[in-house]
Amino acid sequence: MTNLFSIFEPSSSIFSISMNWLSTLLGLMFLPFIYWASPSRWSLLWSKIIQTLHNEFKTLLNPSHMGTSILFMSLFALIVFNNFLGLLPYVFTSSSHLVMTLSLSLPIWVTLMIFGWITQTKHMFAHLVPQGTPPMLMPFMVLIESISNIIRPGTLAVRLAANMIAGHLLLTLLGNIGPSLYLSILFILIMSQILLLILESAVAIIQSYVFAILSTLYTSEIN
């Protein structure tokens, strides 16, 4: 098990400084000047994706929070690039670590809580008791809503990291048994690995979208 999980902690370093997390910036190397500074099929495709996300975020956000859609589109772009880079061989997947995912979700949640409780205290208290709750259940509902609110950044971070790590572990486990298989069974293994890579590509997009859309929903709760 130690050797299995060591693939997520490579020991590359320069002057005893860990270089693993520089993989987060590798996406910039895949975006040459021509892709984003001049019209191309790649830039048109990315512009279409961003425009679609903006229109969806705009329907969820309050009119006073319209500018924050840029933040969530940038968040989506960062996560989706890192997820896809992690599918390449020998590339450190930073989005599969809680250090990375918590660094994205926790500041957003803390900022929303500070802003909400300072500027709209009554509205935040009203969120703790759903409308129509019987008086006898109000103390329990306040406790349940408080706990569900506190664990929000943790659920965002764990969901993204767990989904990315699960697919990588499955690909690694199947890849390790390849050398010991017969040639006839090896073809089936290769086909299953290709199907898993397609599934992981879909998961990379879906998890990035889920992270961004849930952050948008949490923001929309604060008027």
_Peptides ranked, highest mean first, by Cβ atoms within 10 Å: ranges 84-92, 41-49_ = 84-92, 41-49
*Got a number for carbon plus sulfur as a percent of the range 99-139's accessible area, 1.4 Å probe?*
79 percent
*In cubic angstrom, how much convex hull volume per residue do the alpha carbon atoms of the range 20-222 span?*
173 Å³
*Cα-projected label distance for VAL99 with ILE188, points at 7 Å along beta-carbon direction, nm*: 4.1 nm
*In whole percent, what relative contact order does the range 52-205 give with Cα contacts below 8 Å and a gap of six or more residues?*
28 percent
*Note down the nm distance, to one decimal, between modelled labels 7 Å out along Cα→Cβ at LEU22 and at GLN120.*
4.4 nm
*Largest to smallest principal axis extent of the C-alpha atoms in the range 66-133, angstrom*: 52, 27, 21
*Among 135-144, 179-188, 110-119, how do they line up from the highest to the lowest mean number of other beta-carbon atoms within 10 Å?*
110-119, 135-144, 179-188
*Accessible area per residue, Å², the range 48-153 with all protein chains present, probe 1.4 Å*: 59 Å²
*For the range 42-112 and the range 136-196, compute the distance between their C-alpha centroids and round to whole Å.*
19 Å
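Which value, in Å to one decimal place, does the Kirkwood hydrodynamic radius take for the range 110-223 when every pair of different Cα atoms is included?
Final number for the Kirkwood radius of the range 110-223 is 17.8 Å.
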*asked:* Given points 7 Å out from each Cα along the Cα-Cβ axis, report the THR59 to SER43 separation in nanometres with one decimal.
replied: 3.0 nm
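The values are calculated or read from the model by the stated rules, or taken from the named source; none is laboratory data. These numbers were taken from a predicted model, which means no experiment stands behind them. Reconstructed Cβ throughout: ideal geometry from the backbone, glycine too, with neighbour counts over all protein chains shown. Heads up: the accessible areas ignore ligands, DNA and RNA and are worked out on the full protein's heavy atoms, side chains in. Shrake-Rupley method; radii C 1.70, N 1.55, O 1.52, S 1.80 Å.
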